[in-house]
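The values are calculated or read from the model by the stated rules, or taken from the named source; none is laboratory data. In this text, all values refer to a predicted model and were calculated from it rather than measured experimentally. Counting neighbours? That spans all protein chains shown, and the Cβs are built from the backbone with ideal geometry, glycine included.
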Amino acid sequence: MNISEIRGKTAVVGLAETGCGVTPGWSAMELMATAVYDALEDSGINIKEVDGLFAATAFHSMAAMSLSEYLGIRPKFADGSNIGGSSFLSHILTAAMALQAGLINVAVIAYGSNQRSAGGFKTISEAMPFEAQYEPRMPVTAYALAAKRYMHEFNASRKHLANVAMAAREWALLNPRAYMHEKGSLTEEDILSARPIVDPLGKLDCCLVTDGAAAIVMTRSDKARDTRNTPIYLLGAAMEHHHRMISEMPDFTTTSAVESGKRAFEMSGYKFSDMDTVQLYDAFTINTILFLEDLGFCKKGEGKDFIKETFPGGSLPVNTNGGGLSCVHPGMYGLFVTLEALRQLRNSAGDNVGERKDGGWINDAKISLAHGNGGVLSSQVTNIWGLEETI
Amino acid sequence: MPEILKDKVGPQKQFHQHLDEGKFKIQRSKVTGEYFFHPRVAFPGTGDRDLEWVEVSGNGVVHSTTCNRRLPEKGGDFNLSIIKLDEGPKMMAMVFGVEPDKVEIGNKVKARIIELKGENNIVFDLIKD
């Protein structure tokens, strides 16, 4: 199998999210399984046809196995690899390869979390040697260290970071599904005066802490064309990582998204300027700036100003659901980045994937980029999705 | 058998044993002379296992810094920084000698051994000009 045998050969035919917000009384598994059944219902594919299962959570050490047991299925191929919040975007690449190799015919990729109802941010991360003794407030401390270094190298201020949170909120106001939909606009003053967490990051520089689950259904393109939804084809996918601890990050202002993006674009045959929507993993305000730069949408150091182009109506639609900052963030956000990339394309193709206020849907969108981040700016995975005409 | 397995304990434990003796040592390649941190069984990226422990100067520069906000009853605000050692590698540690939110990137610092979490560890003091 080579790259040309992956590009455009598999597609997502069903998707769902559930419990995004606060769901007291529901377990992470119950939410995740509900998302799986909803995604299968969306696709029209029976659960008995699911023979590939992919899952990761912060609640299950062997998520794929626990989920298959709960669903009562016997996958022929499963992958519960956990590289943090980007896990699902790498599961998508693995699923595409397993589908194309003929190991499986229908893949489900799933995630679930009840962290907000269960008491707050949930992690199963082990203590990091050579960091844990200093009691960093992970992951916030790591992102704050990167933000501080970025501000130093590129003469950026907290006001530049604030624009990221303000843009995300404006998109959330257009999306009735967003957790902060009813909360109104954010001002620069709101963000700068919010409770400091780890300088230079304040509370509104940090993502939401919500519950939530999501799932997608993937098949080979030949089968995808027979389903009732508009299939969204995987055009490119690539990953890279180089550190687990923030103290080991080679360059605090450049991530592996440089490499994951480059290879994902190469596989897709498209370039950054061809992307109609861009969905980036915004766990913290600094993320969006770094990923816009590293994926090539602007030069290194220019993201702090370029962010103004990402508000609704701007030249580049970024995080159009409201992002992890204002839509949903149950702890591992990768599958929600993916869902938004897919939904924008399905809406553009005429599927009913929900209501948005004017400007919330990107008209004539044909290609979406979804970018996942895991750990502390560690694992980076880029997926590029397109309508059939883009293959 | 690789040379390193003749040692009684692994590199992580050896690092702390050196600190117990009052010495801040890190590893370097005998071949290239290049240093690395954190301690490992081989040079990261090359697999070079011909290593030696070397006592370092303890001098470094603040590469990035944060003030971690914490309630006074839980110990109050504290500094966490990334220090670039003069020998090259970077490491995480607290910087003392100034308010936790007054440490600046580029500040010169000097290592000190203190007990944290029941074992000896490195922290840094600001060098005042």
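Among all residue pairs at least 6 apart or on different chains, which show Cβ distances below 7 Å where the first residue, located in the range A:119-135, is closer than 17 Å to B:ASN68 by Cα and assigned by TED's automatic domain parsing to the domain that holds A:THR23 and the second is exposed (fewer than 10 other Cβ atoms within 10 Å of the Cβ) and aromatic (Phe, Trp, Tyr)? Matching pairs, first to second residue: none at all. Quick one: would you say A:VAL376 is more than 25 Å from A:GLY19 (Cα to Cα), modelled with pLDDT of 95 or more and in the same structural domain as A:ALA257 (by TED's automatic domain parsing)? Taking the combined requirement at face value, the residue satisfies it.
Among the residues of the range A:361-388, those that are under 21 Å from A:THR285 (Cβ atoms) and either in a strand (DSSP E or B) or among the aliphatic types (A, V, I, L, M) (or both) comprise A:LEU369, A:ALA370, A:HIS371, A:GLY372, A:ASN373, A:GLY374, A:VAL376, A:LEU377, A:SER379, A:GLN380, A:VAL381, A:THR382.
Residues in the range A:10-28 that are at negative phi and surrounded by 20 or more Cβ atoms within 10 Å (Cβ to Cβ): A:THR10, A:ALA11, A:VAL12, A:VAL13, A:GLY14, A:LEU15, A:ALA16, A:GLU17, A:THR18, A:CYS20, A:THR23, A:ALA28.
State yes or no: is A:ASP358 assigned to a loop (DSSP other than H, G, I, E, B) and surrounded by fewer than 21 Cβ atoms within 10 Å (Cβ to Cβ)? Criteria met by A:ASP358. Can you find, within the range B:73-117, the residue that is nearest to the other protein chains (Cβ to nearest Cβ) among those that are touching a Gly at 6+ places or on another chain (Cβ under 7 Å) and free of Cβ contacts under 8 Å to residues at least 60 places away in the same chain? Selected residue: B:ILE83.
Going by what's in this entry, would A:LEU325 be described as in a strand (DSSP E or B) and either surrounded by 24 or more Cβ atoms within 10 Å (Cβ to Cβ) or in contact with a strand residue (DSSP E or B) (Cβ under 8 Å, 6 or more places away or on another chain) (or both)? Criteria not met by A:LEU325.
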